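See below for the structure under consideration.
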Ligand SMILES: CC(C)(COP(=O)(O)OP(=O)(O)OC[C@H]1O[C@@H](n2cnc3c(N)ncnc32)[C@H](O)[C@@H]1OP(=O)(O)O)[C@@H](O)C(=O)NCCC(=O)NCCS
């Protein structure tokens, strides 16, 4: 019997979170920057008042996670500022070896400029986009062999309770149009479509006046899964 629990992400989870990311987001730009890059990236979500990160564990080993922030500007600024030289080396190495990075580098030019500015310019006195009551959900993933069992639904409910306790009133995200599984997941978990870009759809979810949804109990799925109340 596998026991599933839901907890805030800690430093001990990061290596597994990187592994889950690699399994869930193959051929994504961020993934192509390599494991070390991902390790630094996900470590940013720990102990920051503008970041929220939770994991689902099966028998104490992470099998899924969600991360989000109420200040993407602070998140990326601090990520690049604190790790500029390490990330630059990893980025340049990937640029010479990874096809995905080579083909997508031009569409990422804004991020590269942000990275350079973060290192060499002073932070604005009153940064636009500083922490708000609106959260951007940046990543959700579950290991392939654990999907379809309601783990993400429960993980999201746990995440919502956490962010609401942190003063968040609304959440937003973008999802690639060519990811029907994730789109279906968001539609089934209370998100509403709120526009579209060339390649992605935007979804929002209002958390006001609403208790975080109580996940549906499933009798199916591996009988092997037993849920514990979240911690
Ligand atoms: C999207 C993802 C997180 C869903 O995780 P999951 O644990 O399988 O989802 P759940 O089992 O909790 O399903 C919740 C709901 O989403 C729907 N859903 C999940 N997978 C689905 C699929 N393959 N097809 C259709 N609907 C699906 C389910 O119908 C379910 O609703 P129900 O309870 O009414 O049946 C998972 O597929 C994943 O990790 N994908 C790769 C990473 C990714 O694309 N993340 C999103 C980036 S924006």
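Just a few scattered comments:
- Test for residue 88: is it on the phi < 0 side of the Ramachandran plot and within 20 Å of the chain's Cα centre (by Cα): no
- Among the residues of the range 175-192, some residue qualifies, meaning at least one is without any contact (Cβ under 8 Å) to a residue 24 or more places away in the chain, assigned to a strand (DSSP E or B) and within 16 Å of the ligand (Cβ to nearest atom).
- Positions within the range 143-159 being part of a loop (DSSP other than H, G, I, E, B) and more than 16 Å from the chain's Cα centre (by Cα), in sequence order: 147, 148, 149, 150
- Only one of the numbered conditions (1) more than 18 Å from the chain's Cα centre (by Cα); (2) closer than 19 Å to residue 140 by Cβ; (3) surrounded by fewer than 16 Cβ atoms within 10 Å (Cβ to Cβ) is violated by residue 117, and that is (2).
- Helices (runs of 4 or more DSSP H) contained entirely in the range 1-80, each with at least 3 residues that are under 12 Å from the mean Cα position of the chain (by Cα): 14-24, 35-43
- Scope the range 201-217; condition in contact with a helix residue (DSSP H, G or I) (Cβ under 9 Å, 6 or more places away or on another chain), surrounded by 13 or more Cβ atoms within 10 Å (Cβ to Cβ) and either farther than 22 Å from residue 132 by Cα or modelled with pLDDT of 90 or more (or both); matching residues: 201, 203, 205, 207, 213, 215
- Among the numbered conditions (1) at pLDDT 95 or above; (2) on the phi < 0 side of the Ramachandran plot, the only one that residue 198 does not meet is (1).
- Single match in 151, 168, 140 (criterion: over 14 Å from residue 189 (Cβ atoms) and touching a residue at least 24 places away in the same chain (Cβ under 8 Å)): 168
- Residue in the range 160-172 that is crowded, with 16+ Cβ neighbours inside 10 Å, more than 19 Å from the chain's Cα centre (by Cα) and more than 8 Å from the ligand (Cβ to nearest atom) present: no
The values are calculated or read from the model by the stated rules, or taken from the named source; none is laboratory data. Not measured: the values here are computed from a predicted model. Note that we place each Cβ from the backbone using ideal geometry, even for glycine, and neighbour counts take in every protein chain shown.
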